[in-house]
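A.B. asks: Have a look at this one before I ask anything.
The values are calculated or read from the model by the stated rules, or taken from the named source; none is laboratory data. Note that the coordinates shown come from a computational prediction; the quantities given were computed from them, not determined experimentally. Don't worry about glycine lacking a Cβ; one is built from the backbone with ideal geometry, like all the others, and counts go over all protein chains shown. Accessible surface areas use protein heavy atoms only, side chains included; no ligands, DNA or RNA. Shrake-Rupley method; radii C 1.70, N 1.55, O 1.52, S 1.80 Å.
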Amino acid sequence: MKDAKFSTKSIWAGEKEQLAFGATQVPVVHSVSFGYDDMDEWYEVAVGNKPGHIYGRNTNPTVQAFEEKIRILENAEAATSFSTGMAAISNTLGTLLFPGDRVVTIKDTYGGTNKIFTEFLPKQQMEVVLCETGDHEALEAEVAKGCKVLYLESPTNPTVKITDIRRLAAAGKAVGATVVVDNTFATPVNQNPLDLGADLVIHSATKFLGGHADALGGALCGRKSLVDAVYHYREINGATLDPMAAYLLLRGMKTLKLRVEQQNQNAAAIAEHLQTFELVEEVFYPGLPSHPHHQIAKQQMKGFGGMLSFAVKGGVTTVRDLLPKLQFANRAANLGSVETVVGPSRTTSHVECTPAERAAMGIPEGLIRYSAGIEDIEDLKNDLSQAFQSLHTYVKK
């Protein structure tokens, strides 16, 4: 398996050990508990001296297969899972940080993550420093003052800004910080933060990993000692991944490379297409040469991702008129699925934030997040064209 290519690993990794009864697919094990006639064996499994399972809140065969697959795809020593992506983030930070600790991060994190940094951690007497995402000098200066955790997200949600992971990971390591990177938008197809120096990688598995908008889940990959500590926190706090969700995520991950490569291509084409519309003020996509972090993205990413966003003239009014006219897009608070998904940040990524808070993060009320699906690209481009045309203010540049 070590020498196999990515597509092969995405299909086979982590599964063989969990197969039973001659099945070719990992079974969904719904049992809450696992029984033992030998009391000594039960004890050895319970304390971790022997492989096995005792209780579903701790471990489960189906869930274990999912964890092993993402571990291998992220080139990690260990991996654990969670009920949601936000559970992965909150449990990781809950494990690593204590009152009095200092954490350095960026302003452009996902809205739920931002709420943890601006609302919850300060209540626990933790110092949180939020820096401009593209200002690497400012980030390095704050990290140099000392911090327990350096938390990054790249590309960011929803304005797809890029941080230089290798550069900032080196800064974090210099002061003994644990470097955590949310890799949800990139996926392991396009980017492997551990190979760039990060200690831990987080995924909302609900998004691209599952790819079909039918299962919630989260994952954490990285150094075994750190993952084990977060696993212990999670097993006690109970944010456990459901076996059925794990099965759906496993099934989705078999086509991860195929899907993401098509989404990369579609997003790039849509980003270029959107630049032809007079109503579009700005397009945010790291694959565009005009993107301020394009060169960094080229250095650390193998593909630029299936996510983009664009700001429209007229703000909320234009958003309200435009989106219902799209025929090949779900208007929903999700991303990374085989279907194209669109929505404004005010109802998706940053619904928890006030308009003033969104403005402070550089998110205009007229910003539309666009998650490219795997549809035929000409259909997606024509769909956008007819939607803009129907507003009667469509003008080709």
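A.B. asks: Leaving out ligands, DNA and RNA, what percent of the accessible area of segment 1-92 is carbon and sulfur, probe 1.4 Å?
C.D. replies: Ligands and nucleic acids excluded, carbon and sulfur reach 54 percent.
A.B. asks: What is the distance, in nm, between label points placed 7 Å from the Cα along the Cα-to-Cβ direction at residue 8 and at residue 47?
C.D. replies: Taking the two extended label points, one gets 4.1 nm.
A.B. asks: Return, for the Cα atoms of segment 1-138, the radius of gyration and Dmax in Å, separated by a comma.
C.D. replies: Cα only, segment 1-138: 19.9, 60 Å (Rg, Dmax).
A.B. asks: Further question: Going by amide H atoms built from the backbone, whose H comes under 5 Å of the H on residue 241, apart from near neighbours?
C.D. replies: 82, 83
A.B. asks: Here are some pairs, 9/298; 2/254; 224/257; which of them have Cα atoms lying more than 20 Å apart in this structure?
C.D. replies: 9/298; 224/257
A.B. asks: Next up: Take the alpha-carbon centre of segment 98-125, take the same for segment 169-198, and report the distance between them in whole Å.
C.D. replies: Between the Cα centre of segment 98-125 and that of segment 169-198, the gap is 18 Å.
A.B. asks: So what's the angle, to the nearest 10 degrees on a 0 to 90 scale, between helix 243-253 and the longest Cα principal axis of the chain?
C.D. replies: Its long axis makes an angle of about 50 degrees.
A.B. asks: Once both axes come from the Cα atoms, what is the angle between helix 61-73 and the longest principal axis of the chain, in degrees from 0 to 90, rounded to 10?
C.D. replies: 60 degrees
A.B. asks: In deg cm²/dmol and to the nearest 500, what is the mean residue ellipticity at 222 nm of the chain if only DSSP H runs of at least 4 residues count, each as -39500 (n - 2.57), divided by the residue total?
C.D. replies: Calculated mean residue ellipticity at 222 nm is -10500 deg cm²/dmol.
A.B. asks: Shifting gears a bit: Residue 316 to residue 98: extension gain in nm, 0.36 nm per residue of separation minus the Cα-Cα distance?
C.D. replies: 74.4 nm
A.B. asks: How big is the Rg/Rh ratio for the chain, C-alpha atoms only, Rh by Kirkwood, two decimals?
C.D. replies: Reported Rg/Rh (Cα atoms, Kirkwood Rh): 0.99.
A.B. asks: Of the candidates 257, 173, 145, which one comes out as most mobile in a Gaussian network treatment of the chain with C-alpha springs shorter than 10 Å?
C.D. replies: 145
A.B. asks: Sticking with this structure for a sec: Between residue 19 and residue 354, what length comes free when the chain is fully extended (0.36 nm per residue of separation minus the Cα-Cα distance, one decimal in nm)?
C.D. replies: That works out to 115.8 nm of additional length.
A.B. asks: How much area per residue is accessible in the chain when the probe is 1.4 Å and only protein heavy atoms are counted (Å²)?
C.D. replies: 42 Å²
A.B. asks: Next question, about the same structure. Over what distance in Å are the Cα centres of segment 12-52 and segment 297-358 separated?
C.D. replies: Distance between centres, Cα-based: 41 Å.
A.B. asks: Expressed in nm to one decimal, what extension gain is obtained for the pair residue 299 and residue 379 from 0.36 nm per residue of sequence separation less their Cα-Cα distance?
C.D. replies: 25.7 nm
A.B. asks: Where in segment 368-391 is the amide nitrogen less than 15 Å from a point lying 7 Å along the Cα-to-Cβ axis of residue 325?
C.D. replies: 381-391
A.B. asks: Helix 224-237: angle to the longest alpha-carbon principal axis of the chain, degrees 0 to 90, nearest 10?
C.D. replies: It works out to around 90 degrees.
A.B. asks: Would you kindly derive the ³J(HN,Hα) couplings of segment 204-210 from the backbone phi angles with the Karplus curve 6.51 cos²θ - 1.76 cosθ + 1.60 (θ = phi - 60°), listing them in order in whole Hz, with x for Gly and Pro?
C.D. replies: 7, 5, 4, 8, 5, 4, x
A.B. asks: Around residue 178, which amide H atoms from residues at least 5 apart in sequence, or from another chain, sit under 5 Å from its own amide H, with H modelled in the peptide plane?
C.D. replies: 149, 150
A.B. asks: Also: Counting DSSP beta bridges with both partners in the chain, what percentage is antiparallel, nearest 5?
C.D. replies: If I count the DSSP bridges inside the chain, around 60 percent turn out antiparallel.
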